[in-house]
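Chemist: One structure coming up, written as structure tokens, with questions to follow.
The values are calculated or read from the model by the stated rules, or taken from the named source; none is laboratory data. Everything numeric here is computed off the predicted structure, so don't read it as measured data. Please note: Cβ atoms are built from the backbone with ideal geometry, for glycine as well, and neighbour counts cover all protein chains shown. Please note that ligands, DNA and RNA were not included when accessible areas were found on the heavy atoms of the full protein model with its side chains. Shrake-Rupley method; radii C 1.70, N 1.55, O 1.52, S 1.80 Å.
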Amino acid sequence: MPTKARHGALRAVLCVLLTGASSPLAAQTEELPLWELGGGATVLRLPDYRGSEDVRNYVFPIPWVVYRGEIFRADRDGVRARLFDSERVKLHLSLGGSVPVDSDRNQARQGMEDLSPLLELGPVVNVNLWRTDDRRAVLDLRLPARAAFTLRDGVHYVGYVFAPQLNLDLRWPSATAADRWNLGLLVEVPFSDRQLNGYFYDVPAADATATRPEYRASSGYGGWQALAALSHRMDRWWFGGFIKYDNVSGAVFADSPLVTQRRQVSGGIAVSYVFARSSTLVPPRDR
């Protein structure tokens, strides 16, 4: 697994890798397995963190875990608990996270303290704005708000992020076809507090150099990201890929000396195989 990708990139990758996790068995039966287990591999090209010019290639295994419980679920939208569910508005408890950054391998952060892994936890409100009757096209407004905690040397709160997302899902030839394609288009505009921005972009006086001046980030707008993900599910096989554009121009931390690339393109491809399914079947559950 990569050990240097920032949490925003990681969430985007996980979103892509889980796209299409809904089983194609819906085309053949009204019920789906309660759970599915599998695995595969992915090839990624990602920056160390948003705004870093250091880009790395990764090849690592990926798990495939789908659970379709009434309250607790794990699928393309991550691991979550359903707190409120109506026809158009859904409230979930959602988990996210990050992996560490090795500062010795990053030109802008050399000599600085490494970044610890983070756990993010908070509610996500999904508001359906529009959909076709056959659900081949679905447009949602997603409003995740997460608190972030470091996981090294104990658990410590390091701030929060609010990241509104506009997400369009397109499925063809139908939403339940066994050999359907899934195209996801997402735009995200994150807003973080001073503490979380400072965790990634502050330069303390002790770490300041002639080319890396002291810097203190503020809270607010964090730029924007656009992601396109395409996936295809064939029985137990799943194939997917994504491309992401990230722009931190105008972000409150854009002037940090740790921001060395304001516009970035990243991407990846993946393949997975489902090797086990539950014999217990459940009705298809709306996202």
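Chemist: Pick from the range 110-135 the residues that are under 24 Å from the mean Cα position of the chain (by Cα) and in contact (Cβ under 8 Å) with a residue 40 or more places away in the chain: which of them is surrounded by the fewest Cβ atoms within 10 Å (Cβ to Cβ)?
Modeler: Arg135
Chemist: If I go through the range 133-156 residue by residue, how many of them are over 20 Å from His92 (Cα atoms) and either modelled with pLDDT of 95 or more or part of a strand (DSSP E or B) (or both)?
Modeler: 3
Chemist: Look through Gly111, Gly159, Gly122 and report the one residue that is at pLDDT 95 or above, small (Gly, Ala, Ser) and closer than 22 Å to His92 by Cα.
Modeler: Only one candidate qualifies: Gly159.
Chemist: Grab the strands (runs of 3 or more DSSP E) fully contained in the range 168-287, keeping just those with 3 or more residues being farther than 23 Å from Leu141 by Cβ, open to solvent by less than 40 Å² (accessible area, probe 1.4 Å) and touching a residue at least 40 places away in the same chain (Cβ under 8 Å).
Modeler: Ranges flagged: 237-247, 263-277.
Chemist: Within the range 194-209, track down each residue that is under 17 Å from Ser52 (Cα atoms) and of a type in the set (D, E, K, R).
Modeler: Hit for the range 194-209 is Asp202, nothing else.
Chemist: Within the group Arg277, Arg236, which residue is touching an Asp or Glu at 6+ places or on another chain (Cβ under 7 Å) and on the phi < 0 side of the Ramachandran plot?
Modeler: Answer to the check: Arg277.
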